[in-house]
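A.B. asks: One structure coming up, written as structure tokens, with questions to follow.
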Amino acid sequence: MTDLHANPRMHPFLKQKGYQAIAGDTRLSATEIEYLLTLQNSSQALKDFVLGRQYVDHLATAAGSQLVFKSKYRPVWRRRLLKTWYLFLYCVFYTLGFSPLLFPIFGISTPSKMPLTFIFTAALFFPAGFFMLKAGVRIARAEALVKNQHHHTQAVVLAHSPLQRGTTTS
């Protein structure tokens, strides 16, 4: 950041690579990162944008809030439906991953086969459940980012003038 302020005419490639190093993601553009750095709690905003990037668009020419949901994710009901669907799938996959532990109780399998079937189902269903949970979190973080686009405010300090003290000048 010091180099950027010291050299405002920095080559665009260096500027973009520096911003990408700050964000930790090479898919982000310099304009996206510059905007995110102007927001309150900019480190969280960067993390949220990296997570929810597939759901939001950055409108660099917009005045005020520059992050909006992509057209197919704008309706609140659609995002809620997706989050509910991902949570449901997470629960299903998590339950399926642990299902071999219940097999001997219901007489489906023998206790001697339980560890091997548990390893198989856990390796198959737990990652799928994790990805479903992560997909739901991505939507939630995108929602939080779009909702909380508050910019840093600079404190304006006015010098004491005769007008402030109630006197007038003629």
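A.B. asks: Yes or no: the stretch 20-32 includes at least one residue that is under 15 Å from Val146 (Cα atoms) and either outside any loop (DSSP other than H, G, I, E, B) or out of contact with any His (no Cβ under 8 Å at 6 or more places or on another chain) (or both).
C.D. replies: Checking the stretch 20-32: at least one residue is under 15 Å from Val146 (Cα atoms) and either outside any loop (DSSP other than H, G, I, E, B) or out of contact with any His (no Cβ under 8 Å at 6 or more places or on another chain) (or both).
A.B. asks: Would you confirm whether or not the stretch 157-165 contains a residue that is within 30 Å of Glu34 (Cβ to Cβ), at pLDDT below 90 and open to solvent by 40 Å² or more (accessible area, probe 1.4 Å)?
C.D. replies: Within the stretch 157-165, one or more residues are within 30 Å of Glu34 (Cβ to Cβ), at pLDDT below 90 and open to solvent by 40 Å² or more (accessible area, probe 1.4 Å).
A.B. asks: Could you grab me the full set of residues in the stretch 9-50 that are in contact (Cβ under 8 Å) with a residue 24 or more places away in the chain and open to solvent by 50 Å² or more (accessible area, probe 1.4 Å)?
C.D. replies: Ile22, Gly24, Arg27, Thr31, Thr38, Gln40, Asn41, Lys47
A.B. asks: Can you go through Ala62, Ala45 and tell me which one is in a loop (DSSP other than H, G, I, E, B) and modelled with pLDDT under 90?
C.D. replies: Ala62
A.B. asks: Would you call Thr153 modelled with pLDDT under 65 and either on the phi < 0 side of the Ramachandran plot or part of a helix (DSSP H, G or I) (or both)? Break it down stepwise before answering.
C.D. replies: Numbers: modelled with pLDDT under 65: yes; either on the phi < 0 side of the Ramachandran plot or part of a helix (DSSP H, G or I) (or both): yes.
Answer is yes for this residue.
A.B. asks: Now for a separate question. Identify, from the list Ala123, Ala128, Ala62, the residue that is assigned by the TED database to the domain that holds Tyr19, more than 17 Å from the chain's Cα centre (by Cα) and surrounded by fewer than 17 Cβ atoms within 10 Å (Cβ to Cβ).
C.D. replies: The match here is Ala62.
A.B. asks: Based on this model, can you work out whether Tyr73 counts as over 30 Å from Glu34 (Cα atoms) and either in contact with a strand residue (DSSP E or B) (Cβ under 9 Å, 6 or more places away or on another chain) or at pLDDT 95 or above (or both)? Steps first, answer last, please.
C.D. replies: Values: over 30 Å from Glu34 (Cα atoms): no; either in contact with a strand residue (DSSP E or B) (Cβ under 9 Å, 6 or more places away or on another chain) or at pLDDT 95 or above (or both): yes.
It is false that Tyr73 is over 30 Å from Glu34 (Cα atoms) and either in contact with a strand residue (DSSP E or B) (Cβ under 9 Å, 6 or more places away or on another chain) or at pLDDT 95 or above (or both).
A.B. asks: Could you list, in sequence order, all residues of the stretch 26-47 that are of a type in the set (Gly, Ala, Ser) and more than 13 Å from the chain's Cα centre (by Cα)? Steps first, please.
C.D. replies: The initial filter retains those residues of the stretch 26-47 that are of a type in the set (Gly, Ala, Ser), namely 29-30, 42-43, 45.
Across the stretch 26-47, the qualifying residues are Ser29, Ala30.
The values are calculated or read from the model by the stated rules, or taken from the named source; none is laboratory data. Just so you know, these numbers come straight off a predicted model, no measurement behind them. A quick note on method: Cβ atoms are made from the backbone with ideal geometry, for glycine too, and the neighbour counts reach across all protein chains shown. Quick note on the areas: whole protein, heavy atoms, side chains included, nothing else; ligands and nucleic acids left out. Shrake-Rupley method; radii C 1.70, N 1.55, O 1.52, S 1.80 Å.
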